[in-house]
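Structure first, then comments.
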Amino acid sequence: MTPLTSCTHPNPSQQSLASLELRRLFLLAPQDCTEFADPLSVPLGGGWRLTHHRDLQVLQCREGRRTLTLIGHLLDPYQPQADDRLLLETLIRKDVPLDQLPAATAHLGGRWALFGDDGDQALVWTDPAAQRPVYYHRHPEHATQDGGPIRTSLAGEPGLLARHLGLTVDPVAADYAEGRGDSDVEVHWLPGDRTLYTDVRTLLPNHWLDLRSGRCRRWWPQAPIPRLDWDSVLQRCEVLLRGQLEAIQRRCPLALPMTAGWDSRLMLALCRPIASEVHAYTLAYPPQGRRANDVRVPARLLASLGLAHQIVRCPDSVDEGFKALMRRHQPTPARGCCADAQALWRLLPQDRMSLSGDVAEVVKAHFRRPDLCDETLTAADLADLIRIGRHPFALDALQDWLAGARPSPVPLLDLFCWEQMAGRWQAKLRADMDLVQDGIAPLNHRELLVTMLAADESRRRAPQVELFEALILRMWPQALTEPVNPPERQSTLVVLRALAGRIGLNRLLPVALRRGMRRLIDRED
């Protein structure tokens, strides 16, 4: 076995704007890539070459004819001391066909994409919720004269792939995106496996992609999830979560984003053994700023626990230079994290990995309506559930997803939340933030998610989320001394300022007046 590594770990106190260009991105293609300023490169065989930014870890191992290439980090809660190399070496020795290796990663968490090649097949698959996104494009023009394989190119974001290949924007997709608006507050994402670019798709969770044929196949779920008793669910979840945390904290110092919600509260309880070492912070958004419960509640809670807490104020507006860089980095219509990213880049320590509660929605029975059932569910129903409108682009994408998901041995709406809300929306947000902050989600673990889904739905459903409450009580009961998601109270001034922002009146107000309103709100804090 020959392990090859191409890896750096960012640890700067300051980053220049130019150094963030295409940060933590990769491109795999038959052609040489010139998009990166100072890239690292790894040959994958078969004519492919993986080019990547220096702040993205890539590790490769070979065993006989088989090659495995890892992008990102693997975590094994049963072997928290094992590093990426050991886990990759263990995986490559599995005596199963290459297309069965994805199922062999059910015990592995982290945030990663894996490329496997055994001479007969060349496959790529991702972590359980595709938090390390992979976008792909088939190249029929590269098929050999004897009818050989079609080449496929992949990248960590679709704009990079489009620039490298000279692809054009799909006018129907553009029309849909323009109808969603262009806001620095709202977050937009594309449904199904679609992107803005013609013939560019995203690799959804629970699928693998054959690089030679360009064929995508669903490999999970194959059977219903058996129900477990409540105590078994809690015990198994606690073991897996604690093992995940131990594996993570061995890799990198951690930052913990806190709100008033269940997800970050669960992450705080999980961090009890290392709480004093974790950098806890909260983003304060205008117009409420520090008045918001998502700021006030964690501030009171962390103070009562004797823990430091940084409040990071998001700017009212994003610098044009930073916004341009952000949108070149991820030029799809997700805009909501521009202000977040700018604030974190300027104010948060850059040597820490963010420990997020992402992927939690998979188990919360998030999309439910009494009139919906698996047999009659339509693309229009799904579009209504996620509130994206019934544009033909969206309906076509959701209809394709439905056709590929049926028949499903698990509830379709749970699978939809797994592959769309987690696999597209949250994965897109995490990829956007890669520009300024690496991140990882302990809940992004297949065995853990399946265990949680084995609990009765009534104990997983918001707003109470009894499953999370019970786990917090087991790991750190004091983390529940403050209420979770209490109702928000707003002053009249805050309400008026928010209304002015929504209708565009802020742009017409003099800068001095806008600043005066902000100062008055701050005084109310």
- Message: Which condition from (1) open to solvent by 10 Å² or more (accessible area, probe 1.4 Å); (2) under 24 Å from residue 468 (Cβ atoms); (3) in a loop (DSSP other than H, G, I, E, B) is the one that residue 447 breaks?
- Response: (3)
- Message: For the range 121-153, give me each residue that is more than 16 Å from residue 217 (Cα to Cα) and at pLDDT 90 or above.
- Response: 131, 132, 133, 153
- Item | Criterion violated by residue 515 - all others in (1) on the phi > 0 side of the Ramachandran plot; (2) open to solvent by 30 Å² or more (accessible area, probe 1.4 Å); (3) at pLDDT below 90 satisfied | (1)
- Message: Taking the conditions exactly as written (more than 30 Å from residue 297 (Cα to Cα) and aliphatic (A, V, I, L, M)), does residue 228 satisfy them or not?
- Response: yes
- Query: Residues in the range 189-211: is at least one hydrophobic (A, V, I, L, M, F, W, C), at pLDDT below 85 and closer than 18 Å to residue 418 by Cα?
  - Reply: yes
- Task: Check whether at least one residue in the range 233-246 is under 20 Å from the mean Cα position of the chain (by Cα), closer than 16 Å to residue 77 by Cβ and not in a helix (DSSP H, G or I), and report yes or no.
- Result: no
- Have a look at 369, 430 and point out the one that is modelled with pLDDT under 95, part of a helix (DSSP H, G or I) and either touching a strand residue (DSSP E or B) at 6+ places or on another chain (Cβ under 8 Å) or open to solvent by 40 Å² or more (accessible area, probe 1.4 Å) (or both). 430
- Sole residue being touching a Phe, Trp or Tyr at 6+ places or on another chain (Cβ under 6 Å), open to solvent by less than 20 Å² (accessible area, probe 1.4 Å) and under 27 Å from residue 192 (Cα atoms), chosen from 111, 132: 132
- Kindly check whether there is at least one residue in the range 214-229 that is on the phi < 0 side of the Ramachandran plot, open to solvent by less than 10 Å² (accessible area, probe 1.4 Å) and assigned to a loop (DSSP other than H, G, I, E, B). no
- Total residues in the range 167-188, condition acidic (Asp, Glu) and either surrounded by 19 or more Cβ atoms within 10 Å (Cβ to Cβ) or at pLDDT below 80 (or both): 3
- Query: Within the range 66-80, how many residues turn out to be more than 14 Å from residue 115 (Cα to Cα) and open to solvent by 20 Å² or more (accessible area, probe 1.4 Å)?
  - Reply: 2
- So which residues in the range 266-288 are part of a strand (DSSP E or B) and acidic (Asp, Glu)? none
- Unmet requirement for residue 396, which otherwise passes all of (1) within 24 Å of residue 218 (Cβ to Cβ); (2) buried (at least 20 other Cβ atoms within 10 Å of the Cβ): (2)
- Message: Could you go through the range 411-418 and let me know if any residue there is of a type outside the set (Phe, Trp, Tyr) and touching a Phe, Trp or Tyr at 6+ places or on another chain (Cβ under 7 Å).
- Response: yes
- Task: Mind telling me which of the residues 357, 389 ends up being buried (at least 17 other Cβ atoms within 10 Å of the Cβ) and either of a type in the set (Gly, Ala, Ser) or more than 23 Å from the chain's Cα centre (by Cα) (or both)?
- Result: 357
- Filter the range 247-259 for residues that are in contact with a helix residue (DSSP H, G or I) (Cβ under 9 Å, 6 or more places away or on another chain), surrounded by fewer than 23 Cβ atoms within 10 Å (Cβ to Cβ) and in a loop (DSSP other than H, G, I, E, B); which is modelled with the lowest pLDDT? 251
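The values are calculated or read from the model by the stated rules, or taken from the named source; none is laboratory data. All values derive from a computational prediction rather than experimental measurement. In this analysis, Cβ positions are derived from the backbone assuming ideal geometry, glycine residues included, and neighbour counts consider all displayed protein chains. In case anyone asks, the SASA skips ligands and DNA or RNA and just uses the protein heavy atoms, side chains included. Shrake-Rupley method; radii C 1.70, N 1.55, O 1.52, S 1.80 Å.
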